[in-house]
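So the structure is just underneath, and the comments pick up after that.
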Amino acid sequence: MMMIWLTGFGTGLGLIVAIGAQNVFVLTRGMRGDHPVAIPLACFLSDVVLMTLGVGGLGAAFASDRTALALASAAGALFLAWYGLRSLRAAFGNGALVADADSSGKEGLGKALAATMAVTLLNPHVYLDGVVLMGSLGSRFPGNERWSFLGGALCASLLWFFGLSLFGRILAPVLSRPRTWRIMQAGICALLWFQAAGLGRFAVSRFAASRFF
């Protein structure tokens, strides 16, 4: 059972790390000290819901519909491309990270959570990884082994999001320099566009397999 839990932990960590836009959001908010508990907790609870639905059977059912999978993949690619464009604009701007003792909590908790839910739930990539891929992988295991797999994945989610928020706060003094901030934004853009290209290629292959056009 422990090996299955570790499999879930490793799989969950790998998929969560790949969801670029959400990670960028948590990291940058962590740098600002903006609700460092509430924001990662909201991301983790979203994973609890999505992964449980996926492992519970929804993921395997969705994966069998090639057209729906192709449409979700295409939407995810567009979302990542748009979020990458935002980072590219920031890289060529004059802004920098504002991180000081008074920056924490400047945005109200309600607005911060709304922004967190937007970048999480409006990103189709989250559903592809959290519901479809985790669900398809988890469905291989029978009975209690399936929930052990899910438990490992959720532990990975919990550690990742809170660790990312804390890491962002540690990096804040370095990234308060405008040049460093611009380099980071350019790197984020490259990462997100790379992910968008991969997801776009997958969408094209799914469209072809479903004979959508």
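The values are calculated or read from the model by the stated rules, or taken from the named source; none is laboratory data. Every value quoted in this text rests on a predicted model; they were computed, and no experiment measured them. Glycine also receives a Cβ, built like all others from the backbone with ideal geometry; neighbour counts cover every protein chain displayed.
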Q: Could you check, for the range 188-210, whether at least one of its residues is among the charged types (D, E, K, R) and at pLDDT below 80?
A: yes
Q: Please state which of the following conditions Leu50 fails to meet, knowing it meets all the rest: (1) in contact with a Leu (Cβ under 7 Å, 6 or more places away or on another chain); (2) buried (at least 20 other Cβ atoms within 10 Å of the Cβ).
A: (1)
Q: State which residue pairs qualify: first residue of a type outside the set (D, E, K, R) and inside the range 1-30, second residue in a loop (DSSP other than H, G, I, E, B) in any location, beta carbons under 8 Å apart, and separation of 6 or more residues or different chains.
A: Ile4/Phe141; Ile19/Asn123; Ala21/Asn123; Gln22/Asn123; Thr28/Leu97; Gly30/Pro36
(Q) Taking the criterion of being part of a helix (DSSP H, G or I) and over 17 Å from the mean Cα position of the chain (by Cα), would at least one residue in the range 154-167 satisfy it? (A) no
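Farther than 14 Å from Arg201 by Cα, surrounded by 12 or more Cβ atoms within 10 Å (Cβ to Cβ), out of contact with any helix residue (DSSP H, G or I) (no Cβ under 8 Å at 6 or more places or on another chain) and at pLDDT below 80: does that describe Asp65? Talk me through it step by step, then tell me what you get.
Values: farther than 14 Å from Arg201 by Cα: yes; surrounded by 12 or more Cβ atoms within 10 Å (Cβ to Cβ): yes; out of contact with any helix residue (DSSP H, G or I) (no Cβ under 8 Å at 6 or more places or on another chain): yes; at pLDDT below 80: yes.
Judged against the criteria, Asp65 is a match.
Looking at Leu164, Leu191, which one is crowded, with 20+ Cβ neighbours inside 10 Å and either within 15 Å of Val24 (Cβ to Cβ) or of a type in the set (Gly, Ala, Ser) (or both)?
Going through Leu164, Leu191 in turn, the sole match is Leu164.
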Q | Sole exception among (1) without any contact (Cβ under 8 Å) to a residue 12 or more places away in the chain; (2) not in a helix (DSSP H, G or I) for Phe141, by number | A | (1)
